[in-house]
Amino acid sequence: MNSIDIPEAKGVFAQSWSWRKAMGLLAIFGPAAIVASVSIGAGETIVVVRLPGPRGWLLMALILFEMFGAPLAWVPISKPCGDLLHFLFRDSLNGLFDSEIFWKNLLTTAFIAMAMFFGIRLSFERLEKQQLVICGILVTGTVMGTLLVRPDLVKTLIGALSFGDLPSFPSWAPQDAIDHPMLTMATTFGYVGGSVFAYIAYSHWIGLHGWGLTGHRDIEAIRKRAFEDDSYDYLPDDVEQASKLRRLTASLRWDVGLGAVVLFIVSAAFMLSGAAVLYPLESRFEGWGLLTEQAHVWRSIHPTLVWIYYVCIIAALWGTLQALPEIYARVMQEFLQAVWPDHTWDYDRLKRRICLYIFTVAVIIIWLNIPFDILIQIAGFIMANFAIALIMAAAIYLNFKLPPMYRTNGLVLTGAVLSVAILTLFAAISGWGLVGKLSGS
């Protein structure tokens with residue numbers, strides 16, 4: 001195809017800075033409310049980029065990683081909720097059948113089934129609106145809770161800037177954390193960021209919004225050309241046209257930026273309030289009673305904190321579980337379509353089959369009563385630390401395949417390379433620690 005013409009930015013992005021524009025920018029916050037991610041602006045996703053080696057090897061590897069780790073991740077998210085539901089209704093339940101493990105496992109199974117049922121029926125548009133509400137609840141609730149417990153912000157700043165200073169775990173910490181401190185740190189790092197499929201799904205969601213070059217009138221022809229050849233000769237060799245494309249990606253930068261702010265505020269607030277309240281009390285939580293036992297601690301500080309805690313944590317966990325079927329189906333459909341373009345992959349059918357598989361394996365894990373720590377450590381390594389490092393490296397590879405004037409600037413590239421280095425380091429720490437733990441060394 002011939003060189004395309006890059007359209008001008010429209011709507012709020014074509015306006016000069018004003019209060020009205022600021023409010024308009026807040027109004028477009030959407031896909032990154034589900035996940036903050038790195039996006040592209042060349043009209044195609046990373047899915048169709050040809051890497052060295054057999055066709056689609058990276059895509060199929062990522063599917064295998066995610067589908068192996070997904071049930072392992074669902075159980076640690078849902079089983080504490082089952083434990084909490086048992087705590088709230090224990091008197092009535094134990095009157096019917098006196099077995100805590102049975103009721104906790106049954107309630108966990110029901111929680112997963114409900115989340116999947118509503119997740120399958122949830123469209124992207126409704127999911128996006130739901131996640132915006134959940135983000136608002138999380139930011140408001142965690143900030144309120146943190147202000148009520150009044151953490152020492154000066155010590156927090158000193159600790160945050162003490163690079164390389166890794167304090168040892170106290171003697172009252174869980175034994176697994178004491179025995180495997182680096183693995184514990186790497187697993188926590190991975191879980192804050194989320195799984196690899198969520199990051200990849202973002203590129204599809206911006207296409208649904210028509211942001212960047214995905215809103216071009218000839219986007220289907222552009223995608224077909226990009227799929228057939230990686231020469232990118234459809235991108236005009238013109239500085240002004242390249243500048244237009246950069247302006248078109250403003251919506252992506254704004255959306256990702258807001259998503260990063262939300263993620264930072266919520267994660268930092270949870271850690272700050274936990275450090276301020278739990279550490280002085282030498283509180284340790286092992287097994288599945290985290291939500292139940294932690295509520296007792298908050299109640300001892302102030303009764304209001306219990307409800308803030310419950311609302312925030314349940315909103316976060318329910319929101320995560322409901323979003324996952326959409327993420328799995330979007331990414332797998334795009335991956336399979338890229339590897340086998342002549343076959344039509346039905347989105348709804350894929351979503352149902354994926355959910356059936358995850359539900360079946362997760363239920364088996366629940367009733368086998370596999371320990372909490374090993375589940376999150378395996379899932380954190382496969383789905384987060386290792387897989388995200390891999391896809392970040394692929395994103396940098398994509399950047400260098402673009403014509404020079406369309407590549408990201410040096411500052412962003414430096415940050416991306418540094419991110420890959422950090423992710424690779426934590427993947428190595430996580431993998432090595434997991435091998436050591438499983439081998440008993």
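Under 5 Å between amide hydrogens, built in the peptide plane, is the criterion, and for G56 it picks out L51 among residues at least 5 positions away or on other chains.
How do the peptides 188-197, 252-261 rank, highest first, by the average count of neighbouring beta carbon atoms within 10 Å per residue?
Details: 188-197: 21.0, 252-261: 18.0.
Ranking, from highest mean packing down: 188-197, 252-261.
For the pair I158 and S231, label points projected 7 Å from Cα toward Cβ lie 6.3 nm apart.
Report the Cα centroid-to-centroid distance between region 140-217 and region 379-441 in angstrom, as an integer. Going from one Cα centre to the other spans 16 Å. Neighbour counting of Cβ atoms within 10 Å sorts the residues I354, I314, fewest neighbours leading, into I314, I354. Potential lengthening of the chain between F169 and Y357 amounts to 63.9 nm, from the contour at 0.36 nm per residue minus the alpha-carbon distance. Within the shell defined by Cβ-Cβ distances under 13 Å, the residues around D348 carry a net charge of +4, with Lys and Arg each +1 and Asp and Glu each -1.
Taking a 26 Å limit on the Cα-Cα distance, which of the listed pairs K104/K437; K79/K351; K79/K437 fall beyond it? Long pairs (Cα-Cα over 26 Å): K104/K437.
Identify, among L183, L153, H204, the residue whose Cα sits farthest towards the positive end of the charge dipole of region 81-211, taking +1 on the Cβ of Lys and Arg and -1 on the Cβ of Asp and Glu, with the dipole about the Cα centre. After comparing all options, I get H204.
Of the peptides 112-122, 68-78, 341-351, how do they stack up when ordered by the mean number of other Cβ atoms within 10 Å, highest first? Write down the numbers at each step before the final one.
On the way: 112-122: 17.9, 68-78: 22.4, 341-351: 12.4.
Going by the mean number of other Cβ atoms within 10 Å, highest first, we get 68-78, 112-122, 341-351.
Full extension of the chain between I265 and Y347 gives 26.1 nm of extra length, using 0.36 nm per residue less the Cα-Cα distance. Once both labels are positioned 7 Å from their Cα atoms along Cα-to-Cβ, the gap between F89 and L148 label points is 2.6 nm.
Read the figures in this text as sums done on the coordinates, not as results from a lab. Just so you know, these numbers come straight off a predicted model, no measurement behind them. Cβ coordinates were reconstructed from backbone atoms using ideal geometry, including for glycine residues, and neighbour counts include every protein chain displayed.
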